[in-house]
Each structure stands twice: as C-alpha cells, then as structure tokens.
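Below you'll find the structure, written out as structure tokens, and then a few comments.
The values are calculated or read from the model by the stated rules, or taken from the named source; none is laboratory data. Here the structure is a predicted model, which is why all the values come from computation and not from measurement. Note: ideal-geometry Cβ built from the backbone for every residue, glycine included; neighbour counts use all protein chains shown. Accessible surface is based on the protein model in full, side chains and every heavy atom, while ligands, DNA and RNA are left aside. Shrake-Rupley method; radii C 1.70, N 1.55, O 1.52, S 1.80 Å.
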Amino acid sequence: SLLGAASRASGSTTEDLQHRTREVRKDLAESLAKIVERFQAAARSGDEDQQYVDAVEESYSSIQNWIESGFGAGKEIWCSNALRQMRVDRNSSPFAAHELNRIRVEIGKHYCNLDHYFQGRISELWLETATAFKEKFGDLLCEKNSLAALQEMVVILSNSSEPCPTLSSAVQELIDLKLEYRTQLHPRVRSELDGLNLEVIDPETGKLHNQIVEGADESGAESLYRFITQLAEQAAYRTKKALMKEALTPALVLHAAAEQFEDTFIRSGDSEKEFDRLARSYRDEIWPNVYQGIDEANAKFTKINKAIRSIRTQLGDFV
C-alpha cells in the first residue's frame, strides 16, 4: 500500500544516510592512504630527487654567476670602491667585513630560490588531497584549483549547520604547511658559510684573528678581491654539497604532513561524529537527487498519517 511504502521510505532515510556516510569515509580513507603511501615511498626510497638536485644546481649556478660578475658590481667598480674605502679607513678590515657579510646574506638569498621547488611539492599534496575530496563529495566542492578547493572545504566544514571543527582544523593545517629553505634547510647548512667571517678561530691558538689583511693601495684591493672571491666560491660550493646531503628532507616533511592530516581527518576521536554532521548538513550536495524521491514519499506519508488521525478523531466523535 501507499502508506506502507511511505513508512518504509521514511524509516530507511536515516539508515541510508548513515550507510552512505560510512562508505564515503571508507573511500576517502583509502584515497588518503594511497597519497600517504606515495609520499612515504619517496621519503624512504633513498633515491635522489632529480627535481631537487636541479633546483640546488640552478641556485648554485646563479651564485657563481653573481660572484663572477664582481659580486653584482663588476670587478673594476668593486676594486675601486674597495680602494676608496680602504684609504678612508687606512685599513682593509672594515670594507672586508662589510663585503663578507653581504656575500654571506646573498648566498642565502640565492638558495632561497629552492622555495619554488618546495612550493611545487606542497602543491602536489594539496592537489591530490583536493582531488580526493572532489571525487567523494559530489557537488559539494565547486573550486577546481587545489588550494582554492581546500580553502573552500575549510569554509564548508566551519559554516555547516552542524560545524565540524576537527575536520576543518585538519584541512587548515594542511593549507598552512610550510617547506622553506630558510626554516627547514638553512639551519642545517649554515655552518658552511662560517668561512665568510672576517674573524676566524686559529686552530692552533684557539683565538680569533683577521683572516684578511691587505694594504690600502691598488695592489691590496686586487688581492682582497681575489681572496674574497675564493672564500665566496668555497662557501657556495660547500653549501651546495651540504644541501645535496639533505635531499630527503623535503620528502620526509611532506610524508609527515600527509600522514598527520590523514590520521586526524580519518582517525581522530571526533572524525566519525563530524562526518555524520557533514553528511546531514550537505546531504543533497554530496548525493544530489538521491533523496528527492524519498522526501516526496515522506511528505505523502505525513499527509496520509494526518488524514488518518483526522478520520479516527471524527469517527471517535460518533462512538
């Protein structure tokens, strides 16, 4: 009968939604696990990441070109500036200290170009995660861009009729992931730039001494240029070698971030509860047209029940 069919439809809606929610969570867990596995494989393979190697070599090459260009000024101008300042100070040390400091900072700036490579790797993680979301959440996500899709997901989770703070925070933390030369790698290779200090420790006496002392004349300026050039080239090369030894660091950071996100989104204490909230809040966007027929049947069932109650009430008046 119509009443029986409507009753069954009404009773099955909640169960069906719960079932679909569990399946989406399982499917998403599988997709995220595969992402984690890919980053884990890269982190543990020990294989050289050619993109990373190329990025380091490119930065090193740009430093070499800058050094060979007379530290950005041209050899003649550099030597002229050196000589003039040395004559002012009657000493080569102030100019040498200034230039060594400048060169040390400049080498670090050139290696900061590795951040383009790092951002590309982070974008891979964002894209794969956003793709998993879009595949599992139907029409809920409109944005196609990886970062924009994740940002949209944060808004969806935060502003749903039943908020999902744990899931929202997990996505936001993934968005906030930073992988930078200055924070992750520079501290590890900073010691390779120690030669670019005017004062160094004498290995025999253990005391500081100036490693550059030149006369305040043209010959002294030329000699100073050659010596500082040599120090700069050595520091740039040693830093490059140290960075090559850190080739696995980006992969380790990305694997840890991917694993932490997957763990929080799927296995945190509030994960299952918040998946249910998400499903109830955006049922028709996640499963478009699935519940339309059931809702119509429920509406008919409500009308029939109301009519039956009315009839029974009226009949009771005649008894």
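The table below gives the values:
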item: Hits in region 266-279 - residues which are open to solvent by 50 Å² or more (accessible area, probe 1.4 Å) and either in a helix (DSSP H, G or I) or hydrophobic (A, V, I, L, M, F, W, C) (or both); result: ARG267, GLU272, LYS273, ARG277
item: When residues of region 153-191 are limited to those that are of a type in the set (Val, Ile, Thr) and open to solvent by less than 60 Å² (accessible area, probe 1.4 Å), the one nearest to the chain's Cα centre (by Cα); result: ILE175
item: Answer residue from region 230-265, given it is in contact with a Lys or Arg (Cβ under 9 Å, 6 or more places away or on another chain) and not in a helix (DSSP H, G or I) and is surrounded by the fewest Cβ atoms within 10 Å (Cβ to Cβ) among those; result: GLU246
item: Residue ID - least open to solvent (accessible area, probe 1.4 Å), chosen from residues in region 32-43 that are over 23 Å from GLU180 (Cβ atoms) and touching a residue at least 40 places away in the same chain (Cβ under 8 Å); result: LEU32
item: Residues being surrounded by 15 or more Cβ atoms within 10 Å (Cβ to Cβ) and at pLDDT 85 or above - total across region 3-22; result: 4
item: Out of PRO203, PRO250, PRO187, sole residue that is closer than 30 Å to ALA33 by Cα and modelled with pLDDT under 95; result: PRO250
item: Test result for ILE212, at pLDDT below 95, open to solvent by less than 20 Å² (accessible area, probe 1.4 Å) and closer than 19 Å to SER92 by Cβ; result: yes
item: Matching residues, region 194-209, being open to solvent by 100 Å² or more (accessible area, probe 1.4 Å) and outside any strand (DSSP E or B); result: PRO203, GLU204, LYS207
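Yes or no, residue by residue, for (1) over 30 Å from ASP47 (Cα atoms); (2) under 32 Å from the mean Cα position of the chain (by Cα); (3) at pLDDT below 95:
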{"site": "MET244", "(1), (2), (3)": "no, yes, yes"}
{"site": "GLU259", "(1), (2), (3)": "no, yes, no"}
{"site": "LEU278", "(1), (2), (3)": "yes, yes, no"}
{"site": "TYR291", "(1), (2), (3)": "yes, no, yes"}
{"site": "ALA297", "(1), (2), (3)": "yes, no, yes"}
{"site": "LYS306", "(1), (2), (3)": "yes, no, yes"}
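Yes or no, residue by residue, for (1) without any contact (Cβ under 8 Å) to a residue 60 or more places away in the chain; (2) touching a His at 6+ places or on another chain (Cβ under 9 Å); (3) more than 30 Å from ASP276 (Cβ to Cβ):
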position: SER168; (1), (2), (3): yes, no, no
position: ARG190; (1), (2), (3): yes, no, yes
position: LEU196; (1), (2), (3): no, no, yes
position: PRO203; (1), (2), (3): yes, no, yes
position: LEU208; (1), (2), (3): yes, no, yes
position: GLU214; (1), (2), (3): no, no, yes
position: ALA242; (1), (2), (3): yes, no, yes
